[in-house]
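First the structure, then my questions, so here it is.
The values are calculated or read from the model by the stated rules, or taken from the named source; none is laboratory data. This one's a predicted model, so the numbers in the text were calculated from it and none came from an experiment. Cβ placement follows ideal geometry from the backbone for every residue including glycine, while neighbour counts extend to all protein chains displayed.
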């Protein structure tokens, strides 16, 4: 797969999940789509306006040069076709076709919670944010936020100090860290997590970019926690996305007189879970599994038996009885080993005792640079 053409279409404003699926359905490859005539693009379902934009972008960019710049900056590009693409994000209604990553994404990030809130954080909000982020990091849960001033920055910083993983989702290209004073923190995050974006490299942090990126913050996460938020806060957009994606929403209650608590109190009034203690998250999300997941991957190395089971699996679901027949192993050993491999993130049960391989031969995935 040549990712240059995914990057090319990502440069065309208006080519999102829906239209990308249409192109992939009509053409044999995105390279064919990139080189297609206007008539072919029209047959694939693109409007005349979009065809005009595709034509303009194709004429004005050098994909080889762009790709060289991406590689030179150590940026990884993940598409729907990548096994490394975050599974939770892929589950949302319109997952971004392309995400750019600086740092690494691992299977540990499957256990992730978003912490978001106001830029005008109060001492109360800071205390709650730091305590919650530190607690989650200590439980092996990745903290996701937007790298903005206020609650976001406090959450990332506390997770880093606790030795945990944290992911920042940008409203700009991953080479344009915003706000600029957070660059040192972002560089630490690249070593203990990642900064990601679905905006093309070089994209400036324009105000209109931030609301859409919030769907990625919630999409990467099991749940979204709003610490403090005014009635017009962008954090409420993230909470709305989370609810639409079927993810849990928590809000920290505050004084009815405090402007920063009006949004969170309203969320609770509308059905969000009131967060009174970090234990509320542990119970609601069964976060004890995160520790078990990490312990299993560290304590149980891959062996010949795991390799044998992986050889019987692929992208299509295979029933446990078929795996037993293919390997000739006792069903008890097959079932027990598959359970451990699922904890290690090597396989996934997709219902009815059917399994697929997450990534053949590996229990952890890191983004290749």
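Inside segment 93-123, can you point out the residues that are more than 25 Å from residue 232 (Cα to Cα), in a loop (DSSP other than H, G, I, E, B) and more than 11 Å from the chain's Cα centre (by Cα)?
97, 104
Consider segment 138-156. How many of its residues are surrounded by fewer than 22 Cβ atoms within 10 Å (Cβ to Cβ) and either closer than 26 Å to residue 230 by Cβ or at pLDDT 95 or above (or both)?
Total satisfying the criteria: 1.
Then there is this: Among (1) crowded, with 24+ Cβ neighbours inside 10 Å; (2) touching a residue at least 40 places away in the same chain (Cβ under 8 Å); (3) more than 24 Å from residue 175 (Cα to Cα), where does residue 92 come up short?
If we test residue 92 against (1) crowded, with 24+ Cβ neighbours inside 10 Å; (2) touching a residue at least 40 places away in the same chain (Cβ under 8 Å); (3) more than 24 Å from residue 175 (Cα to Cα), just (1) comes out false.
Results for (1) closer than 22 Å to residue 202 by Cβ; (2) out of contact with any strand residue (DSSP E or B) (no Cβ under 7 Å at 6 or more places or on another chain); (3) modelled with pLDDT of 95 or more; (4) not assigned by TED's automatic domain parsing to the domain that holds residue 200, shown as yes or no for each residue.
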residue: 9; (1), (2), (3), (4): yes, yes, yes, yes
residue: 20; (1), (2), (3), (4): yes, yes, yes, yes
residue: 28; (1), (2), (3), (4): no, yes, no, yes
residue: 33; (1), (2), (3), (4): no, yes, yes, yes
residue: 86; (1), (2), (3), (4): no, yes, no, yes
residue: 96; (1), (2), (3), (4): yes, yes, yes, yes
